[in-house]
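Enquirer: Submitted below is the structure of interest, expressed as structure tokens.
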Amino acid sequence: MEQLRVAFVSGVMPDKWARVWRERNPAIRLDLLPIDQTDQRAVLDDGTADMVLARLPVDLDSPAPLHCVRLYDELPVVVAGRDHVVAAVDEQDVVAPDDLVDDQLVLPHPSGWRPTADQLDFPPMTVKDAIEVAASGTGIVIVPMSVARLHHRKDVVQRVVDLPPTTVALLWLRDADSPVHQDFVGVVRGRRASSSR
């Protein structure tokens, strides 16, 4: 039996696409592989996965060129302890980065943004651990909304913050392109089974 191995980073929910794939392609087994964001390029390069639902930025050229289909943008949210000042912001309002300049950023933000206050040297940690640190009141974490929801806790609040969104994209090696890859692209892009590429 042929198979397609699709890796995905936390917060990306491939279940709907997997259902559609299995209905359309019952003879091709779909394996979904949860991965850490730090491994999203490596699993393509080492052959662990055929495709990756990744969070950009990713090096699309080296060591081998990748196809990249941008799927959607994710809003960034600041996660902080319930006693933090952002808890007073209405849930539908957006927090300005200037309101966070005196905070400790527990995890580096991919955009490079950081508060202007002298920063503590936090050790590397998972998002789950970083949110636990934020819950203690020691600092804040800025992550995509889907990731914050995945690691939701009752002792934190999350508010949208005015920073660049992150983009979720489907990646695969250019040299490995095939009709199976293109069929999966069609599924995630919402094409009907009968439509052509």
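The values are calculated or read from the model by the stated rules, or taken from the named source; none is laboratory data. Everything numeric here is computed off the predicted structure, so don't read it as measured data. For neighbour counting, all protein chains shown are included, and Cβ atoms are generated from backbone atoms with ideal geometry for every residue, glycine included.
Enquirer: Among all residue pairs at least 6 apart or on different chains, which show Cβ distances below 8 Å where the first residue, located in segment 83-104, is part of a helix (DSSP H, G or I) and the second is basic (K, R)?
Expert: Taking only residues 6 or more apart or on different chains, the pairs are V86/R159.
Enquirer: Can you give me the number of residues within segment 17-54 that are farther than 14 Å from L171 by Cβ and touching a residue at least 12 places away in the same chain (Cβ under 8 Å)?
Expert: Number satisfying all stated conditions: 14.
Enquirer: Still on this structure: Just checking, how many residues over segment 57-88 are among the charged types (D, E, K, R) and touching a Pro at 6+ places or on another chain (Cβ under 9 Å)? Talk me through it step by step, then tell me what you get.
Expert: Taking segment 57-88 as the starting set, the residues that turn out to be among the charged types (D, E, K, R) are 59, 61, 70, 73-74, 82-83.
The next check asks that each one be touching a Pro at 6+ places or on another chain (Cβ under 9 Å); those that pass are 73-74.
Counting residues in segment 57-88 that are among the charged types (D, E, K, R) and touching a Pro at 6+ places or on another chain (Cβ under 9 Å) gives 2.
Enquirer: Being within 19 Å of D99 (Cα to Cα) and exposed (fewer than 13 other Cβ atoms within 10 Å of the Cβ) is the filter here; which residues of segment 114-161 pass it?
Expert: Within segment 114-161, T116, A117, D118, L120 qualify.
Enquirer: Going by the conditions given, is L60 within 18 Å of H152 (Cα to Cα) and assigned to a loop (DSSP other than H, G, I, E, B)?
Expert: Working: within 18 Å of H152 (Cα to Cα): no; assigned to a loop (DSSP other than H, G, I, E, B): yes.
No: the conditions fail for L60.
Enquirer: Pick out the one residue from P108, P124, P97 that is more than 23 Å from M13 (Cα to Cα) and within 15 Å of the chain's Cα centre (by Cα).
Expert: Among P108, P124, P97, only P108 is more than 23 Å from M13 (Cα to Cα) and within 15 Å of the chain's Cα centre (by Cα).
Enquirer: Let me ask another. Any residue at all in segment 64-76 that is among the hydroxyl-bearing types (S, T, Y) and either assigned to a strand (DSSP E or B) or under 29 Å from E132 (Cβ atoms) (or both)? Before the answer, list the steps.
Expert: So the first thing to find is which residues in segment 64-76 are among the hydroxyl-bearing types (S, T, Y), and the list is 72.
In the following step, the residues that additionally are either assigned to a strand (DSSP E or B) or under 29 Å from E132 (Cβ atoms) (or both) were identified as 72.
Yes - at least one qualifying residue is present in segment 64-76.
Enquirer: Could you list all residues from segment 1-16 that are within 15 Å of L171 (Cβ to Cβ) and not aliphatic (A, V, I, L, M)?
Expert: Of the residues in segment 1-16, the ones within 15 Å of L171 (Cβ to Cβ) are 4-9, 12, 14.
Passing the criteria: R5, F8, P14.
Enquirer: Would segment 82-91 turn up any residue that is surrounded by 13 or more Cβ atoms within 10 Å (Cβ to Cβ), in contact with a strand residue (DSSP E or B) (Cβ under 9 Å, 6 or more places away or on another chain), modelled with pLDDT of 95 or more and of a type in the set (A, V, I, L, M, F, W, C)?
Expert: The answer is no; no qualifying residue exists.
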